[in-house]
Amino acid sequence: MAWKPSDISDQSGRTFVITGANGGLGEQTTKVLASKGGTVIMACRNTAKAQEVADRIDGDVRVAGLDLASLESIREFADSQGEFDVLINNAGLMNVPFSRTKDGFETQWGVNHLGHYALTGLLLDKIGDRVVTLASIAHKQTPKLWIDDLNYENRRYQRNLAYAQSKLSNLMFARELQRRLTAAGSSKRSYGVHPGVSATDLFARTETPIDRIAKPVIRLVGHAPALAAHSSLFGATEPDADPTVYWGPARLMGNKGPVEHAPSSKLSQDRELWRRLWEESERLTGVTYKF
């Protein structure tokens, strides 16, 4: 029988930090966790919008400012947090025009991967249970990881490849974090999950004519945000979920379906690339993990 949110046990006494929770999958994840008794901290750049969402949700839901495009903001957020149970790295940008973050990183890779790498490292000693990082079926759409030019210093920017690289990095990061936690003898866990395809605002921010038609088209091949959030909820709450498994939909090429063992690219399983990506992320952000 397929896993569903009704399988989630009482989450009273547990606290969850969710990045980018002011809409889409983050909002849906927040709703369910709060309904199960959990305390949810919505870590969002747009705190006004996040507060509007929080006010519509019953339960213990709080808003905190976090801009993943700024290492300064990430450090300020991390310093302001006490101990909690689960970090859900949910926020992301997709197929946006070329730009750089406040620290000079290509924006999609800088926000989707480096921001979450830095955030997780700065919060790791405060996390009691696990980290859940959202990757994507788009991780399969890049032929390589440009490990010597991750930040687009020496190659032409292609927004779809930049997004795919950031999502491949998310999955590699989740796997390398789990490998390092295991090696350190830690009981904490790291999960890589993907939501399939869903008509969220992620598909309407490319600043191209595609924005006008993306959501209707995506609704035909994907599933609703409430269903797409199942992967995050499973990773955040299922007590015995295997952290070495990539969890998410596997039907219709991964576009939709129940949470199960999802396939990933051969490239995403390259452990040497995991290590090199980690080292580059550490060098660029200045964040060193303490296991």
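Computed from the coordinates by the stated procedures, all read-outs in this text should not be read as laboratory data. Computed from a predicted model, the values in this text were never measured in an experiment. Don't worry about glycine lacking a Cβ; one is built from the backbone with ideal geometry, like all the others, and counts go over all protein chains shown.
Key figures for this structure:
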| item | result |
| --- | --- |
| Complete set of residues in segment 1-49 that are in contact with an Asp or Glu (Cβ under 8 Å, 6 or more places away or on another chain), among the hydroxyl-bearing types (Ser, Thr, Tyr) and more than 12 Å from Ile88 (Cα to Cα) | Ser35, Thr39 |
| Selected residue (criterion: nearest to Met42 (Cα to Cα)) from residues of segment 78-98 that are in a strand (DSSP E or B) and of a type outside the set (A, V, I, L, M, F, W, C) | Asn89 |
| All positions within segment 1-41 that are buried (at least 23 other Cβ atoms within 10 Å of the Cβ) and assigned to a loop (DSSP other than H, G, I, E, B) | Gly20, Ala21, Asn22, Gly38 |
| Breaking point among (1) closer than 20 Å to His230 by Cα; (2) surrounded by fewer than 24 Cβ atoms within 10 Å (Cβ to Cβ); (3) of a type outside the set (Phe, Trp, Tyr), for Arg56 | (1) |
| Filtered residues of segment 162-178 (kept if of a type outside the set (Ser, Thr, Tyr), under 19 Å from Ala118 (Cβ atoms) and in contact with a helix residue (DSSP H, G or I) (Cβ under 9 Å, 6 or more places away or on another chain)) | Ala162, Gln165, Lys167, Leu168, Asn170, Leu171, Met172, Phe173, Arg175, Glu176, Leu177 |
| Considering residues of segment 42-51 that are among the small types (Gly, Ala, Ser) and either surrounded by 15 or more Cβ atoms within 10 Å (Cβ to Cβ) or in a loop (DSSP other than H, G, I, E, B) (or both) only, the residue farthest from the chain's Cα centre (by Cα) | Ala50 |
| Residues of segment 76-90 satisfying the condition of being touching a Ser or Thr at 6+ places or on another chain (Cβ under 8 Å) and farther than 9 Å from Leu123 by Cα | Phe84, Asp85, Val86, Ile88, Asn89, Asn90 |
| Subset of segment 99-142 (residues that are within 24 Å of Gln269 (Cβ to Cβ) and assigned to a loop (DSSP other than H, G, I, E, B)) | Ala135, Ser136, Thr142 |
| Count of segment 116-155 residues which are surrounded by 20 or more Cβ atoms within 10 Å (Cβ to Cβ) and polar (S, T, N, Q) | 4 |
| Residue count, segment 177-200 (criterion: β-branched (Val, Ile, Thr), closer than 30 Å to Gly24 by Cα and not in a loop (DSSP other than H, G, I, E, B)) | 1 |
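Residue-by-condition table, conditions (1) closer than 20 Å to Ala21 by Cα; (2) in contact with a Phe, Trp or Tyr (Cβ under 9 Å, 6 or more places away or on another chain):
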| residue | (1), (2) |
| --- | --- |
| Val96 | yes, yes |
| Thr107 | yes, yes |
| Leu114 | yes, yes |
| Arg130 | yes, yes |
| Leu145 | no, no |
| Arg155 | no, yes |
| Ala164 | no, no |
| Ala174 | yes, yes |
